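Peer 1: Mind having a look at this structure? Questions to follow.
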Amino acid sequence: MTNLVPRDSFFQDLFDFRRDFDQIFNLMMSGFGGERTSTSSTFAPAVESFVDTDGKKYHCRVSLPGIDPKEVQIQAQGNTLTISGERKVNRSSKDVNFLHEEISYGVFERTFTLPEGVDTEKLTAEYQNGVLEITAPVAAMALPRRIEIRTPPLSKQIAA
């Protein structure tokens, strides 16, 4: 029983492994030669998107802490939404010895297929506390509707 790994440590090890794997993968994709710079890699900001059926709105939230909203581009074409930009390294000195290096820098681009009925002409974007929120109304006819199931009166069921 004393050899059991505490749950918190086990999950933390899994997250550390994932982070390390991502760093190795990014290093492989950006090339091995020369000086290792975090700016040559790309990253994918965390995103959540959903349709609020009560409010009849599409929401897309993108986590962009440390990124100037002026450096972010949003494009809608047909039923495709593309968000792109760059997180730049902002250090006063280039000669540093990292103790922890978990923040990714570089360019990013995320592309999503918008759900049916999203009015791309009315897309709006707001940036607050490091989160970009894109919203647009959704046509009522594109939202799921509940269909009532009818049952015959009890007297007809007994007769059958």
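Peer 1: Against the definition (open to solvent by 80 Å² or more (accessible area, probe 1.4 Å), over 19 Å from the mean Cα position of the chain (by Cα) and farther than 25 Å from Ile24 by Cα), how does Arg146 come out, yes or no? Full working, then the answer.
Peer 2: Numbers: open to solvent by 80 Å² or more (accessible area, probe 1.4 Å): yes; over 19 Å from the mean Cα position of the chain (by Cα): yes; farther than 25 Å from Ile24 by Cα: yes.
Spelling it out, Arg146 is indeed open to solvent by 80 Å² or more (accessible area, probe 1.4 Å), over 19 Å from the mean Cα position of the chain (by Cα) and farther than 25 Å from Ile24 by Cα.
Peer 1: Please identify the pairs in which a residue from region 54-71 that is within 14 Å of Ala44 (Cα to Cα) has its Cβ atom under 8 Å from the Cβ atom of a residue that is surrounded by 13 or more Cβ atoms within 10 Å (Cβ to Cβ) and of a type in the set (S, T, N, Q), counting only partners at least 6 apart or on another chain.
Peer 2: From residues that are within 14 Å of Ala44 (Cα to Cα), the pairs are Arg61/Ser49.
Peer 1: Now, a different point. Quick check on my filter: what residues within region 120-143 are over 19 Å from Gly78 (Cβ atoms) and open to solvent by less than 100 Å² (accessible area, probe 1.4 Å)?
Peer 2: Of everything in region 120-143, those that are over 19 Å from Gly78 (Cβ atoms) and open to solvent by less than 100 Å² (accessible area, probe 1.4 Å) turn out to be Tyr127, Gly130, Val131, Leu132, Glu133, Ala140, Leu143.
Peer 1: Would you confirm, using the coordinates I've provided, whether Thr135 is within 19 Å of Phe50 (Cα to Cα), over 15 Å from the mean Cα position of the chain (by Cα) and among the polar types (S, T, N, Q)?
Peer 2: Details: within 19 Å of Phe50 (Cα to Cα): yes; over 15 Å from the mean Cα position of the chain (by Cα): no; among the polar types (S, T, N, Q): yes.
Criteria not met by Thr135.
Peer 1: Being in contact with a Ser or Thr (Cβ under 9 Å, 6 or more places away or on another chain) and either acidic (Asp, Glu) or surrounded by 14 or more Cβ atoms within 10 Å (Cβ to Cβ) (or both) is the filter here; which residues of region 108-119 pass it? Break it down into steps so the answer makes sense when it comes.
Peer 2: So in region 108-119, the residues in contact with a Ser or Thr (Cβ under 9 Å, 6 or more places away or on another chain) come out as 108-115.
Selection gives Phe108, Glu109, Arg110, Phe112, Leu114, Pro115.
The values are calculated or read from the model by the stated rules, or taken from the named source; none is laboratory data. Note that the structure is predicted; figures quoted are calculated from it, not measured. Cβ coordinates were reconstructed from backbone atoms using ideal geometry, including for glycine residues, and neighbour counts include every protein chain displayed. Side chains included, ligands, DNA and RNA excluded: accessible areas come from the protein's heavy atoms. Shrake-Rupley method; radii C 1.70, N 1.55, O 1.52, S 1.80 Å.
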